[in-house]
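Below you'll find the structure, written out as C-alpha coordinates, and then a few comments.
The values are calculated or read from the model by the stated rules, or taken from the named source; none is laboratory data. What you see is a predicted model; the values in this text were computed from it and never measured. Cβ atoms come from the backbone with ideal geometry, glycine included; neighbour counts cover every protein chain shown. Each accessible area value is taken on the protein alone, full model and side chains, heavy atoms only, with ligands, DNA and RNA left out. Shrake-Rupley method; radii C 1.70, N 1.55, O 1.52, S 1.80 Å.
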Amino acid sequence: ADVVKNIELKYTIGSLEPVVETMALPNDGLGYNASLSGTISQLTYPTPSLNGIDITVEVTKVNGQPNKSPYAKASAKLTIIPEGKGYRRNAVIEEFTSTKCGYCPQGIVTMEYIRENYPDGGLIPVAVHGNNMGTDPMTAQSFSQVENNFANGYPSAVMNRQYRVFPYPASSVINLYNALSEVPALASVEATANIDPENENRLVFHTTTQFSFDYTDAAYRYTLAFAITEDNVGPYLQHNYFAGTDEDMGGWQNMAEDASTIYNDVARQYATNHGITGSIPATVVAGEKYDFEYKMNMVSAIKDTDNIHGVVYIINKATGVVENVTSVKKVGGTSGIEDIDAAANNAPVEYYNLQGVRVANPANGLYIRRQGSTATKVLIR
(Lines give C-alpha, C1' and ligand atoms only; values in the text may rest on other atoms or scores of the structure.)
Protein backbone atom coordinates (compact mmCIF):
# COMPACT_ATOMS: atom_id res chain seq x y z
CA ALA A 1 0.00 0.00 0.00
CA ASP A 2 2.81 2.42 0.86
CA VAL A 3 5.79 3.41 -1.24
CA VAL A 4 8.85 1.48 -0.06
CA LYS A 5 11.65 3.91 0.82
CA ASN A 6 14.11 1.49 2.42
CA ILE A 7 14.53 -2.12 3.42
CA GLU A 8 16.62 -3.90 6.03
CA LEU A 9 18.48 -6.98 4.80
CA LYS A 10 19.99 -9.82 6.81
CA TYR A 11 22.28 -12.17 4.92
CA THR A 12 24.24 -15.17 6.10
CA ILE A 13 27.03 -16.95 4.20
CA GLY A 14 27.90 -20.46 5.35
CA SER A 15 28.93 -20.50 8.98
CA LEU A 16 29.76 -16.78 9.16
CA GLU A 17 27.88 -14.46 11.49
CA PRO A 18 24.79 -12.83 9.88
CA VAL A 19 25.23 -9.33 8.46
CA VAL A 20 22.43 -6.76 8.71
CA GLU A 21 22.39 -3.68 6.50
CA THR A 22 19.81 -1.08 5.51
CA MET A 23 19.39 -0.33 1.82
CA ALA A 24 17.80 2.96 0.75
CA LEU A 25 15.86 2.63 -2.50
CA PRO A 26 16.70 5.09 -5.29
CA ASN A 27 14.62 7.94 -6.67
CA ASP A 28 11.16 8.10 -5.11
CA GLY A 29 11.19 4.56 -3.78
CA LEU A 30 9.25 1.52 -4.92
CA GLY A 31 5.54 1.90 -5.69
CA TYR A 32 2.76 -0.60 -6.21
CA ASN A 33 3.52 -3.38 -8.73
CA ALA A 34 6.98 -1.93 -9.41
CA SER A 35 10.29 -3.73 -9.20
CA LEU A 36 14.01 -3.08 -9.07
CA SER A 37 17.23 -4.99 -8.65
CA GLY A 38 19.99 -4.27 -6.18
CA THR A 39 23.44 -5.62 -5.45
CA ILE A 40 25.05 -6.83 -2.26
CA SER A 41 28.71 -6.24 -2.98
CA GLN A 42 32.09 -7.00 -1.40
CA LEU A 43 31.04 -10.43 -0.16
CA THR A 44 33.96 -12.63 0.89
CA TYR A 45 34.47 -16.05 2.43
CA PRO A 46 37.64 -17.40 4.04
CA THR A 47 38.03 -20.44 1.77
CA PRO A 48 37.26 -21.17 -1.90
CA SER A 49 34.42 -23.57 -2.63
CA LEU A 50 33.48 -24.99 -5.99
CA ASN A 51 30.47 -27.02 -4.88
CA GLY A 52 28.65 -24.14 -3.25
CA ILE A 53 28.33 -22.40 0.09
CA ASP A 54 24.82 -21.73 1.44
CA ILE A 55 23.70 -18.10 1.44
CA THR A 56 20.43 -16.85 2.90
CA VAL A 57 19.04 -13.36 2.32
CA GLU A 58 16.06 -12.06 4.27
CA VAL A 59 14.19 -8.76 4.06
CA THR A 60 13.67 -8.22 7.78
CA LYS A 61 12.18 -4.71 7.72
CA VAL A 62 10.34 -2.48 5.24
CA ASN A 63 10.31 1.27 5.94
CA GLY A 64 11.63 0.45 9.39
CA GLN A 65 8.75 -1.91 10.24
CA PRO A 66 9.04 -5.71 10.65
CA ASN A 67 8.43 -7.55 7.38
CA LYS A 68 5.62 -10.07 7.91
CA SER A 69 5.57 -11.39 4.34
CA PRO A 70 5.89 -15.21 4.07
CA TYR A 71 8.19 -14.57 1.08
CA ALA A 72 10.76 -12.56 3.02
CA LYS A 73 13.57 -15.11 2.75
CA ALA A 74 15.50 -16.75 -0.12
CA SER A 75 18.38 -19.21 -0.18
CA ALA A 76 20.92 -20.35 -2.75
CA LYS A 77 24.39 -21.80 -3.06
CA LEU A 78 27.40 -19.72 -4.06
CA THR A 79 30.61 -20.78 -5.76
CA ILE A 80 33.46 -19.08 -3.92
CA ILE A 81 36.24 -18.33 -6.41
CA PRO A 82 39.83 -18.16 -5.14
CA GLU A 83 40.93 -14.58 -4.63
CA GLY A 84 42.56 -13.18 -7.76
CA LYS A 85 41.57 -16.21 -9.87
CA GLY A 86 38.28 -15.04 -11.40
CA TYR A 87 37.91 -13.93 -15.03
CA ARG A 88 36.03 -11.18 -16.83
CA ARG A 89 32.44 -12.26 -17.28
CA ASN A 90 30.91 -11.66 -20.69
CA ALA A 91 27.19 -12.11 -21.23
CA VAL A 92 25.05 -13.28 -24.14
CA ILE A 93 21.47 -12.13 -24.61
CA GLU A 94 19.45 -14.49 -26.79
CA GLU A 95 16.37 -12.61 -27.93
CA PHE A 96 13.39 -14.53 -29.28
CA THR A 97 11.72 -12.69 -32.12
CA SER A 98 9.68 -13.11 -35.29
CA THR A 99 8.93 -11.12 -38.43
CA LYS A 100 5.23 -11.81 -37.74
CA CYS A 101 5.37 -10.28 -34.26
CA GLY A 102 4.09 -6.71 -34.14
CA TYR A 103 5.72 -5.99 -30.77
CA CYS A 104 9.14 -7.32 -31.81
CA PRO A 105 10.47 -3.93 -32.98
CA GLN A 106 10.96 -3.35 -29.23
CA GLY A 107 13.57 -6.10 -29.18
CA ILE A 108 15.17 -4.89 -32.41
CA VAL A 109 15.67 -1.43 -30.91
CA THR A 110 17.41 -2.89 -27.85
CA MET A 111 19.57 -5.31 -29.84
CA GLU A 112 20.75 -2.47 -32.10
CA TYR A 113 21.51 -0.39 -29.01
CA ILE A 114 23.70 -3.22 -27.72
CA ARG A 115 25.51 -3.48 -31.08
CA GLU A 116 26.29 0.22 -31.04
CA ASN A 117 27.28 0.54 -27.38
CA TYR A 118 29.02 -2.77 -26.57
CA PRO A 119 31.33 -3.46 -29.51
CA ASP A 120 33.97 -4.94 -27.17
CA GLY A 121 32.01 -8.20 -26.91
CA GLY A 122 31.15 -7.81 -23.24
CA LEU A 123 27.44 -8.12 -24.08
CA ILE A 124 26.74 -10.30 -27.12
CA PRO A 125 23.38 -10.09 -28.96
CA VAL A 126 21.92 -13.19 -30.65
CA ALA A 127 18.51 -12.83 -32.35
CA VAL A 128 16.72 -16.19 -32.43
CA HIS A 129 13.87 -16.10 -34.95
CA GLY A 130 10.96 -18.44 -34.27
CA ASN A 131 8.17 -19.89 -36.38
CA ASN A 132 5.48 -20.06 -33.71
CA MET A 133 3.68 -16.98 -35.08
CA GLY A 134 3.94 -18.06 -38.72
CA THR A 135 6.71 -18.59 -41.21
CA ASP A 136 9.85 -16.57 -40.52
CA PRO A 137 12.54 -16.88 -43.22
CA MET A 138 15.32 -16.57 -40.63
CA THR A 139 14.32 -19.45 -38.36
CA ALA A 140 17.24 -21.74 -37.45
CA GLN A 141 16.04 -25.19 -36.42
CA SER A 142 19.30 -25.86 -34.55
CA PHE A 143 18.24 -23.18 -32.03
CA SER A 144 14.80 -24.75 -31.46
CA GLN A 145 15.70 -26.37 -28.13
CA VAL A 146 17.14 -23.10 -26.83
CA GLU A 147 13.90 -21.40 -27.84
CA ASN A 148 11.73 -24.13 -26.32
CA ASN A 149 13.63 -23.93 -23.03
CA PHE A 150 13.77 -20.16 -22.61
CA ALA A 151 11.36 -18.24 -24.87
CA ASN A 152 8.43 -16.64 -23.10
CA GLY A 153 6.51 -15.40 -26.13
CA TYR A 154 7.71 -12.78 -28.63
CA PRO A 155 9.67 -10.71 -27.95
CA SER A 156 11.39 -12.20 -24.93
CA ALA A 157 15.00 -12.86 -23.98
CA VAL A 158 17.31 -14.77 -21.70
CA MET A 159 20.77 -13.70 -20.51
CA ASN A 160 23.41 -16.40 -20.03
CA ARG A 161 20.54 -18.92 -20.14
CA GLN A 162 19.83 -18.09 -16.53
CA TYR A 163 17.96 -14.78 -16.28
CA ARG A 164 14.84 -14.09 -18.30
CA VAL A 165 14.43 -10.42 -19.19
CA PHE A 166 12.00 -8.52 -21.38
CA PRO A 167 14.12 -6.94 -24.13
CA TYR A 168 12.71 -3.42 -23.80
CA PRO A 169 13.63 -0.86 -22.70
CA ALA A 170 17.35 -1.33 -23.21
CA SER A 171 17.99 -0.10 -19.67
CA SER A 172 16.43 -3.25 -18.17
CA VAL A 173 18.87 -5.40 -20.14
CA ILE A 174 21.85 -3.17 -19.38
CA ASN A 175 21.09 -3.10 -15.64
CA LEU A 176 21.13 -6.90 -15.55
CA TYR A 177 24.33 -7.03 -17.60
CA ASN A 178 26.03 -4.50 -15.32
CA ALA A 179 25.16 -6.58 -12.26
CA LEU A 180 26.45 -9.78 -13.89
CA SER A 181 29.65 -8.20 -15.17
CA GLU A 182 30.64 -7.25 -11.60
CA VAL A 183 30.79 -10.93 -10.62
CA PRO A 184 33.99 -12.76 -11.68
CA ALA A 185 33.54 -15.83 -13.87
CA LEU A 186 35.09 -19.14 -12.84
CA ALA A 187 36.26 -19.81 -16.42
CA SER A 188 37.20 -17.88 -19.55
CA VAL A 189 37.19 -18.62 -23.27
CA GLU A 190 39.00 -16.88 -26.11
CA ALA A 191 38.54 -17.79 -29.75
CA THR A 192 39.33 -17.14 -33.40
CA ALA A 193 37.23 -18.18 -36.38
CA ASN A 194 38.50 -18.70 -39.94
CA ILE A 195 37.13 -20.05 -43.18
CA ASP A 196 38.70 -23.45 -43.77
CA PRO A 197 41.16 -23.06 -46.71
CA GLU A 198 40.18 -26.58 -47.81
CA ASN A 199 36.43 -25.94 -47.69
CA GLU A 200 34.91 -22.45 -48.03
CA ASN A 201 31.66 -23.71 -46.48
CA ARG A 202 33.35 -24.64 -43.21
CA LEU A 203 34.23 -22.37 -40.28
CA VAL A 204 37.17 -23.38 -38.10
CA PHE A 205 37.16 -22.28 -34.46
CA HIS A 206 40.31 -22.26 -32.34
CA THR A 207 39.55 -21.80 -28.65
CA THR A 208 41.56 -21.32 -25.47
CA THR A 209 39.92 -21.95 -22.11
CA GLN A 210 41.11 -21.32 -18.54
CA PHE A 211 39.61 -22.21 -15.18
CA SER A 212 39.83 -20.92 -11.61
CA PHE A 213 39.90 -24.39 -10.04
CA ASP A 214 41.79 -27.64 -10.48
CA TYR A 215 39.48 -30.33 -11.85
CA THR A 216 39.81 -34.05 -12.36
CA ASP A 217 36.33 -34.10 -13.91
CA ALA A 218 36.24 -30.87 -15.95
CA ALA A 219 34.83 -32.58 -19.06
CA TYR A 220 32.01 -33.95 -16.91
CA ARG A 221 31.18 -30.49 -15.58
CA TYR A 222 31.68 -28.20 -18.61
CA THR A 223 31.55 -28.19 -22.39
CA LEU A 224 31.89 -25.74 -25.29
CA ALA A 225 29.04 -24.96 -27.65
CA PHE A 226 29.39 -23.01 -30.91
CA ALA A 227 27.07 -20.75 -32.87
CA ILE A 228 27.13 -18.56 -35.97
CA THR A 229 25.22 -15.29 -36.37
CA GLU A 230 24.89 -13.17 -39.50
CA ASP A 231 24.45 -9.42 -40.04
CA ASN A 232 22.80 -7.48 -42.90
CA VAL A 233 20.20 -10.17 -43.55
CA GLY A 234 17.19 -9.36 -45.69
CA PRO A 235 15.35 -7.17 -46.34
CA TYR A 236 12.23 -8.90 -45.05
CA LEU A 237 8.92 -7.40 -43.95
CA GLN A 238 8.66 -6.86 -40.19
CA HIS A 239 5.18 -6.57 -38.70
CA ASN A 240 5.02 -3.37 -36.67
CA TYR A 241 2.32 -2.47 -34.14
CA PHE A 242 4.00 0.88 -33.48
CA ALA A 243 3.25 2.29 -36.93
CA GLY A 244 1.52 5.67 -36.63
CA THR A 245 1.61 5.73 -32.82
CA ASP A 246 2.83 8.56 -30.60
CA GLU A 247 5.27 6.29 -28.77
CA ASP A 248 8.96 6.89 -29.40
CA MET A 249 10.11 3.48 -30.59
CA GLY A 250 13.44 4.21 -32.23
CA GLY A 251 11.81 5.36 -35.45
CA TRP A 252 9.42 2.43 -35.84
CA GLN A 253 6.50 4.74 -35.12
CA ASN A 254 7.26 6.40 -38.45
CA MET A 255 7.47 3.11 -40.38
CA ALA A 256 4.81 1.07 -42.14
CA GLU A 257 2.75 -1.59 -40.45
CA ASP A 258 4.82 -4.07 -42.42
CA ALA A 259 8.25 -2.45 -42.73
CA SER A 260 11.07 -3.58 -45.01
CA THR A 261 13.89 -4.37 -42.59
CA ILE A 262 17.53 -5.46 -42.56
CA TYR A 263 18.32 -7.75 -39.62
CA ASN A 264 21.52 -8.14 -37.62
CA ASP A 265 22.86 -10.79 -35.22
CA VAL A 266 20.56 -13.39 -36.78
CA ALA A 267 21.06 -16.81 -35.19
CA ARG A 268 21.95 -19.06 -38.11
CA GLN A 269 23.43 -22.19 -36.58
CA TYR A 270 24.04 -23.80 -33.19
CA ALA A 271 26.17 -26.82 -32.29
CA THR A 272 24.99 -28.31 -30.08
CA ASN A 273 22.62 -28.44 -27.15
CA HIS A 274 24.85 -30.99 -25.43
CA GLY A 275 28.14 -29.32 -26.35
CA ILE A 276 31.09 -30.76 -28.23
CA THR A 277 32.76 -33.91 -26.91
CA GLY A 278 36.43 -33.33 -26.11
CA SER A 279 36.15 -29.53 -26.09
CA ILE A 280 37.18 -29.44 -22.40
CA PRO A 281 39.88 -31.85 -21.14
CA ALA A 282 39.04 -34.20 -18.30
CA THR A 283 41.76 -32.82 -16.02
CA VAL A 284 42.63 -29.13 -15.80
CA VAL A 285 44.92 -27.07 -13.58
CA ALA A 286 43.80 -23.63 -12.41
CA GLY A 287 45.20 -20.88 -14.61
CA GLU A 288 46.54 -23.21 -17.32
CA LYS A 289 45.44 -22.67 -20.94
CA TYR A 290 43.76 -25.43 -22.95
CA ASP A 291 43.38 -25.26 -26.73
CA PHE A 292 40.70 -26.87 -28.88
CA GLU A 293 39.80 -26.82 -32.58
CA TYR A 294 36.28 -27.27 -33.92
CA LYS A 295 35.26 -27.37 -37.59
CA MET A 296 31.68 -26.33 -38.25
CA ASN A 297 30.05 -26.99 -41.62
CA MET A 298 27.97 -23.92 -42.35
CA VAL A 299 24.29 -24.18 -43.28
CA SER A 300 23.11 -22.91 -46.65
CA ALA A 301 21.00 -20.21 -44.98
CA ILE A 302 24.17 -18.16 -44.43
CA LYS A 303 24.26 -15.69 -47.32
CA ASP A 304 27.57 -13.86 -46.89
CA THR A 305 30.47 -15.13 -44.81
CA ASP A 306 31.84 -11.58 -44.60
CA ASN A 307 28.92 -10.79 -42.30
CA ILE A 308 29.16 -13.68 -39.85
CA HIS A 309 30.30 -13.90 -36.24
CA GLY A 310 31.25 -16.97 -34.26
CA VAL A 311 29.91 -17.29 -30.72
CA VAL A 312 31.56 -19.70 -28.27
CA TYR A 313 29.79 -20.64 -25.02
CA ILE A 314 31.20 -22.36 -21.92
CA ILE A 315 28.18 -24.35 -20.72
CA ASN A 316 27.72 -25.76 -17.23
CA LYS A 317 26.46 -29.26 -18.06
CA ALA A 318 24.63 -29.67 -14.74
CA THR A 319 22.61 -26.45 -14.96
CA GLY A 320 22.72 -25.42 -18.63
CA VAL A 321 23.91 -21.96 -17.55
CA VAL A 322 26.42 -20.09 -19.72
CA GLU A 323 29.47 -19.67 -17.46
CA ASN A 324 31.20 -17.41 -19.99
CA VAL A 325 31.00 -16.57 -23.68
CA THR A 326 32.89 -14.81 -26.44
CA SER A 327 32.11 -13.55 -29.93
CA VAL A 328 34.58 -13.33 -32.81
CA LYS A 329 34.35 -11.88 -36.29
CA LYS A 330 35.21 -14.32 -39.04
CA VAL A 331 38.62 -13.64 -40.62
CA GLY A 332 40.34 -15.02 -43.71
CA GLY A 333 38.96 -17.42 -46.29
CA THR A 334 36.83 -16.70 -49.33
CA SER A 335 34.34 -13.89 -49.05
CA GLY A 336 30.91 -14.30 -50.55
CA ILE A 337 31.16 -10.75 -51.85
CA GLU A 338 34.18 -11.64 -53.96
CA ASP A 339 32.02 -13.93 -56.08
CA ILE A 340 29.43 -11.30 -56.99
CA ASP A 341 29.45 -10.47 -60.69
CA ALA A 342 29.67 -6.97 -62.04
CA ALA A 343 25.90 -6.70 -62.40
CA ALA A 344 25.65 -6.28 -58.63
CA ASN A 345 27.25 -2.87 -58.97
CA ASN A 346 24.13 -1.77 -60.84
CA ALA A 347 21.75 -2.95 -58.13
CA PRO A 348 19.41 -0.31 -56.65
CA VAL A 349 20.69 1.61 -53.62
CA GLU A 350 18.65 1.30 -50.42
CA TYR A 351 19.02 3.18 -47.12
CA TYR A 352 18.23 1.91 -43.62
CA ASN A 353 18.37 3.58 -40.22
CA LEU A 354 20.55 2.10 -37.46
CA GLN A 355 17.60 0.00 -36.28
CA GLY A 356 17.62 -1.72 -39.69
CA VAL A 357 14.41 -0.08 -40.91
CA ARG A 358 14.32 0.96 -44.56
CA VAL A 359 14.10 4.73 -45.18
CA ALA A 360 12.74 5.86 -48.52
CA ASN A 361 14.00 9.46 -48.40
CA PRO A 362 16.81 9.75 -45.83
CA ALA A 363 17.29 13.14 -44.21
CA ASN A 364 20.50 14.28 -42.53
CA GLY A 365 21.99 11.60 -40.31
CA LEU A 366 23.78 8.26 -40.13
CA TYR A 367 22.39 5.43 -42.28
CA ILE A 368 23.24 1.98 -43.63
CA ARG A 369 23.64 2.12 -47.42
CA ARG A 370 22.97 -1.19 -49.15
CA GLN A 371 23.62 -2.02 -52.80
CA GLY A 372 23.31 -5.65 -53.78
CA SER A 373 25.14 -7.59 -51.05
CA THR A 374 27.29 -4.63 -49.97
CA ALA A 375 26.32 -2.64 -46.88
CA THR A 376 28.21 0.34 -45.47
CA LYS A 377 27.51 3.11 -42.97
CA VAL A 378 27.20 6.58 -44.51
CA LEU A 379 26.66 10.05 -43.08
CA ILE A 380 24.18 12.15 -45.07
CA ARG A 381 24.48 15.88 -44.61
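Some points to look at:
- CD proxy at 222 nm, helix term only [per DSSP H run n ≥ 4: -39500 (n - 2.57); per residue of the chain; nearest 500]: -2500 deg cm²/dmol
- Residue among Gly320, Gly134, Gly84 with the largest mean-square fluctuation in a Gaussian network model of the chain, springs linking Cα atoms under 10 Å: Gly84
- Accessible area per residue, Å², the chain with all protein chains present, probe 1.4 Å: 51 Å²
- Per-residue extension of 0.36 nm, minus the Cα-Cα distance of Asn194 and Ala1, leaves a gain of 63.6 nm for this segment.
- In the set [x] 169; [y] 237; [z] 263, the label that goes with volume of the Cα convex hull per residue in Å³ computed for this structure is [x].
- Other residues lying with their Cβ under 12 Å from the Cβ of Gly250 contribute a combined charge of -4, Lys and Arg counting +1, Asp and Glu -1.
- Kirkwood hydrodynamic radius of region 117-223, from inverse mean 1/r over distinct Cα pairs, in Å: 17.0 Å
- Chymotrypsin sites (Phe, Trp or Tyr not before Pro) within region 58-153: DSSP coil, no more than 10 neighbouring Cβ in 10 Å: Tyr71
- Gaussian network model of the chain, springs between alpha carbon atoms under 10 Å - residue of Val312, Val146, Val189 with greatest fluctuation: Val146
- For region 49-113: relative contact order, % (alpha-carbon pairs under 8 angstrom, 6 or more apart): 31 percent
- Loop-located GluC sites (Glu not before Pro) in region 164-221 whose Cβ has at most 14 other Cβ within 10 Å (DSSP): Glu182, Glu198
- Gaussian network model of the chain, springs between alpha carbon atoms under 10 Å - residue of Glu95, Glu293, Glu147 with greatest fluctuation: Glu293
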